[in-house]
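Here is the structure we will look at.
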Amino acid sequence: MPRLFGKSKSADNAPVSVDERLCHIAFIMDGNGRWAKSRGMPREYGHSKGAETFKKIVRYCGDIGIKIVTVYAFSTENWSRPDAEVRRIMSLLGEYIDGAERELDENKIRYVFLGDKDAFDAHLRERMINLEQISAGYELRLNIAANYGGRAEIVRAASILASRGEEITEASLSSCLYTAGCPDPDLIVRTANEQRVSNFLLWQGAYSEYYFTPTLWPDMTPDDVDAAVRDFYSRGRRYGGVVNK
Ligand code: FPP
């Protein structure tokens, strides 16, 4: 079976693996600021550590057989944060794109940015578009939600259909979302003790299982992913119907 993101050090003893019931996992990476504050450090330090954790966690998800990972990297509301913090997150995104380009042949991943790219600096925007284009042929997928908001995404999709004079159905609307063609997330994990959706994948998460953990994102480990995966498999998904557990 092809594996997402190659092999990590922890793969040899991977204590869990997944099947087709868990194709897509999404993360709301919360708690970077609190993690930094608890160490007397600026919030930007938390984001730098959070970006390292992000790389480790998506790699681990690949090792256990997950085909699609989505992360909430920057919301439409996050522009209101202090300039230095926004700048740091933008530079982390740029650095991540550098690495993704360098390792493209090795990792064989399709990168998709969910959100309105127009708000980004022109150089960063071009690099996002380029990474999407050069990786478009790969099947395994990493969605990075950046300048993303779930309500805005639904409004945009409805506007596209209206401007084309097309009927609005669940299928047509789905086809105009940033995630068009991508299966909905099976499991959405939020760190840092917050039990909110925060405008993330509002449409796509309609039947997702949610898992909340007190772990702050920078402290997230493969063991925490295992706990979320085990919890997922302990649940019965009924999609509104009745299924024996
Ligand atoms: C939420 O924590 C986190 C963010 C708004 C930014 C997430 C960004 C990264 C993990 C790094 C960049 C990502 C990529 C893909 C390279 P918070 O700052 O709201 O934490 P707090 O609630 O403790 O203040």
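The values are calculated or read from the model by the stated rules, or taken from the named source; none is laboratory data. Bear in mind the structure is a predicted one, so any value in this text is a computation, not a measurement. So basically every Cβ, Gly included, is an ideal-geometry build from the backbone, and we count neighbours across all protein chains shown. For the accessible areas, the whole protein counts, side chains as well, though only heavy atoms, and no ligand, DNA or RNA atoms are used. Shrake-Rupley method; radii C 1.70, N 1.55, O 1.52, S 1.80 Å.
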ask   = Of everything in the stretch 100-119 that's of a type in the set (Gly, Ala, Ser) and either closer than 17 Å to His47 by Cα or more than 10 Å from the ligand (Cβ to nearest atom) (or both), which residue is surrounded by the fewest Cβ atoms within 10 Å (Cβ to Cβ)?
value = Ala119
ask   = Can you tell which of Leu124, Leu131 is free of Cβ contacts under 8 Å to residues at least 40 places away in the same chain and in contact with a Lys or Arg (Cβ under 9 Å, 6 or more places away or on another chain)?
value = Leu124
ask   = Hey, does the stretch 138-153 have a residue that's basic (Lys, Arg), open to solvent by 10 Å² or more (accessible area, probe 1.4 Å), touching a helix residue (DSSP H, G or I) at 6+ places or on another chain (Cβ under 8 Å) and under 16 Å from Ala73 (Cβ atoms)?
value = no
task = Mind counting the residues in the stretch 188-218 that are in a helix (DSSP H, G or I) and more than 26 Å from Asn147 (Cβ to Cβ)?
result = 0
ask   = Would it be correct to say that Ser80 is farther than 25 Å from Asp223 by Cα, of a type in the set (Ser, Thr, Tyr) and surrounded by 19 or more Cβ atoms within 10 Å (Cβ to Cβ)?
value = no
request  = Look at Ile25 and say whether it is in contact with a His (Cβ under 9 Å, 6 or more places away or on another chain) and either modelled with pLDDT of 95 or more or open to solvent by 70 Å² or more (accessible area, probe 1.4 Å) (or both).
outcome  = no
ask   = Quick one: how many residues across the stretch 42-90 are more than 8 Å from the ligand (Cβ to nearest atom), of a type in the set (S, T, N, Q) and without any contact (Cβ under 8 Å) to a residue 60 or more places away in the chain?
value = 1
inquiry  = Looking at Ile129 and the list (1) in contact with a strand residue (DSSP E or B) (Cβ under 7 Å, 6 or more places away or on another chain); (2) under 16 Å from Arg110 (Cβ atoms), which single condition is not satisfied?
reply    = (1)
ask   = What number of residues within the stretch 80-108 satisfy the criterion of being at pLDDT below 95 and not in a helix (DSSP H, G or I)?
value = 1
key: Single residue of Glu126, Glu132, Glu209 found to be away from the ligand (no atom under 16 Å from the Cβ) and either exposed (fewer than 15 other Cβ atoms within 10 Å of the Cβ) or under 22 Å from Asn78 (Cβ atoms) (or both)   = Glu126
